[in-house]
Amino acid sequence: MRLGSIPERLSRDRHNLGAASHIEVDQAAARRLGAGPLLERICPAHVYTQGPDGAIRINWAACLECGTCLALAPPGVLTWRYPAGGAGIAYRHG
Amino acid sequence: MDVDFDVIVVGAGVAGCVAAHQLATAGRSVLLVERGAQVGDKALSGGVLYCRVMEQIFPGFLERAPVERAITRNCLSFMNSDSFVNIDYADDRLGAPVNAVSVLRAKLDAWLGEQCEAAGAMVMPGVLVDRLLLEGGRVLGVGAGEDELRCHVVVAADGVNSFVARDAGLRDPDPPRHLALGVKSVIALDRSTIEARFNLPAAGGAGGLAEGAAYAVVGDCTKGVGGGGFMYTNLESVSIGLVLRLDDLARSGETASDLHDRFLDHRRVAPFLEGGELLEYGAHLVAEGGAAMVRGLVAPGLVLVGEAAGLALNTGLTVRGMDLAAGSALAAAKCVDAALAAGDCSAAGLASYEAALRASFVGRDIETYRRAPAFLEGTRMFNDYGPLLADVFHGVYNLDLSPRRRLVKTARAAVKASPVRLVDLARDAWAAMRAL
């Protein structure tokens, strides 16, 4: 059974694209606390990727809204709320 | 007080829908607010629904609700890198009466939302409650963007990440060791293929429902990270994935999605899924702290239910959340109704909910299993016992022409060769008896 890459998998999910990101990263705090590698590997949807310059890119449209990053990010690194009403992941099976 | 509704319920999952349904049935004006564009959009579960409580709330639940299969076969699996030891328990009695069903939450929750509407509740999907209206510590209603809605009581049913509970100051964020990440794939397979691979009788002996199987997997499936694997059959799909304790996941250096993929690719698991097609990939947090997570259920004008109240229970063998959500919502609805009748929705007026919850099956089971989280945190559970069991059975079945030894001697030799000492075994057996 082929699962496919994470982006391939997420393309099978239904997402209602919101108008704006519901996630913000304090890049200076993230850099100081070395949060990049942690966020990269704990997020099951690979929302976070750290570029060669150390900045964390946020692919917020892929978010499955589980809250793992919020629970594990060092304090001060992340602002994370649910997307606007009607936006975000919309499971067809669940 | 001038209000728009008697009660506003935040979140249309199992807990929120049951609370809204019960209060609307009691004649209260109820608004059920849901952030998903449709009820069910945000719901994801990774275990079976122990459904007796649903039958109490919605008579004829099994005939009317969109459930998948009646679970009449349970497997506890110890997975190692090169072996797989199973306790396989199938029993017709689990189908008469039906005790547990697999569900797909997008469908189930949509149905629950319809029941709320039929009972007279107003269901409002597509609206994110982004704040509580507070005055001197008293909750007066909810805010969503520019809209403000007032009520006598808010029922927070907004799940494990409950921002409502946090904003009310009732719950600090839970520590990572009390939370776990569930990562799940739903994989389409033919009905007959599922029944053949999971050894399920094709003719339904479970009140006309198709029969299904559920696996709880411990050991190497998580590469030593606290948690485990699950796999259960829906009518025409299999739900499979891992639950990973957050503190361990952070510490381990492992990547969550890689662990999920590795489990599905395991050579003893992959054949179940062969030829299937991925329908959906999802993730959800799970409360794993047991009794330690249940605290501060009531504030003036506010009650917490379901996972917003920290209610979930992992005993290693059974993983429960939805039935506790329904049970807590039943208790809360009764107490909110009484508080409304008495005209006292202060913390004191709502306090009977805490006692009612403690007295219900929810509170009793949480108390019974209060030692389970600490017991399951022990690393031997995840790392050592699976290989030890496999070594015992290997000693039994591997007839390599060496002289046979009695089972006890074979087992003792396996213990001796494993990192588990006899004293550990005794200690864990004692702890298991007290915890589970």
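The values are calculated or read from the model by the stated rules, or taken from the named source; none is laboratory data. Computed from a prediction, not measured in an experiment: that's the story for all the values here. Cβ atoms come from the backbone with ideal geometry, glycine included; neighbour counts cover every protein chain shown.
Listed values, structure above:
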{"item": "Breaking point among (1) free of Cβ contacts under 8 Å to residues at least 60 places away in the same chain; (2) surrounded by fewer than 17 Cβ atoms within 10 Å (Cβ to Cβ); (3) within 22 Å of the chain's Cα centre (by Cα), for B:Phe61", "result": "(2)"}
{"item": "The listed residue being more than 12 Å from B:Tyr232 (Cα to Cα) and out of contact with any Leu (no Cβ under 9 Å at 6 or more places or on another chain), out of B:Gly205, B:Gly182, B:Gly159", "result": "B:Gly205"}
{"item": "Count of residues meeting criterion [crowded, with 20+ Cβ neighbours inside 10 Å, of a type outside the set (Ser, Thr, Tyr) and under 30 Å from B:Arg268 (Cα atoms)] in segment B:94-123", "result": "8"}
{"item": "A:Asp53 being outside any helix (DSSP H, G or I) and within 7 Å of chain B (Cβ to nearest Cβ)", "result": "no"}
{"item": "Where a residue in segment B:172-190 is within 9 Å of another protein chain (Cβ to nearest Cβ) and its partner, wherever it lies, is surrounded by 24 or more Cβ atoms within 10 Å (Cβ to Cβ) and of a type in the set (Lys, Arg), with Cβ under 8 Å and at least six apart", "result": "B:Pro176/B:Arg245; B:Leu179/B:Arg245"}
{"item": "Any hit, segment B:135-148, residues being closer than 27 Å to B:Asn74 by Cβ, more than 12 Å from chain A (Cβ to nearest Cβ) and assigned to a loop (DSSP other than H, G, I, E, B)", "result": "no"}
{"item": "Residue among B:Val48, B:Val14 that alone is surrounded by 24 or more Cβ atoms within 10 Å (Cβ to Cβ), within 14 Å of B:Leu108 (Cβ to Cβ) and out of contact with any Leu (no Cβ under 9 Å at 6 or more places or on another chain)", "result": "B:Val48"}
{"item": "Odd one out for A:Ala61 among (1) within 12 Å of chain B (Cβ to nearest Cβ); (2) aliphatic (A, V, I, L, M); (3) in a helix (DSSP H, G or I)", "result": "(1)"}
{"item": "Out of B:Val243, B:Val286, B:Val238, B:Val269, sole residue that is surrounded by fewer than 24 Cβ atoms within 10 Å (Cβ to Cβ), within 14 Å of another protein chain (Cβ to nearest Cβ) and under 23 Å from the mean Cα position of the chain (by Cα)", "result": "B:Val269"}
{"item": "Test: residue in segment A:8-21 that is more than 23 Å from A:His93 (Cβ to Cβ), within 11 Å of chain B (Cβ to nearest Cβ), in contact with a strand residue (DSSP E or B) (Cβ under 6 Å, 6 or more places away or on another chain) and modelled with pLDDT of 95 or more", "result": "no"}
{"item": "Meets criteria (of a type outside the set (S, T, N, Q) and in contact with a Ser or Thr (Cβ under 8 Å, 6 or more places away or on another chain)) for B:Leu317", "result": "no"}
{"item": "Matching entry among B:Ser346, B:Ser352 (being touching a residue at least 60 places away in the same chain (Cβ under 8 Å), among the polar types (S, T, N, Q) and over 23 Å from B:Ala43 (Cα atoms))", "result": "B:Ser346"}
{"item": "Odd one out for B:Asp91 among (1) crowded, with 19+ Cβ neighbours inside 10 Å; (2) closer than 30 Å to B:Phe393 by Cα", "result": "(1)"}
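For (1) assigned to a helix (DSSP H, G or I); (2) at pLDDT below 95, each residue gets a yes or a no:
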{"position": "B:Leu23", "(1), (2)": "yes, no"}
{"position": "B:Ala43", "(1), (2)": "no, no"}
{"position": "B:Gly46", "(1), (2)": "no, yes"}
{"position": "B:Glu55", "(1), (2)": "yes, no"}
{"position": "B:Glu68", "(1), (2)": "no, no"}
{"position": "B:Asp82", "(1), (2)": "no, yes"}
{"position": "B:Val103", "(1), (2)": "no, no"}
{"position": "B:Lys107", "(1), (2)": "yes, no"}
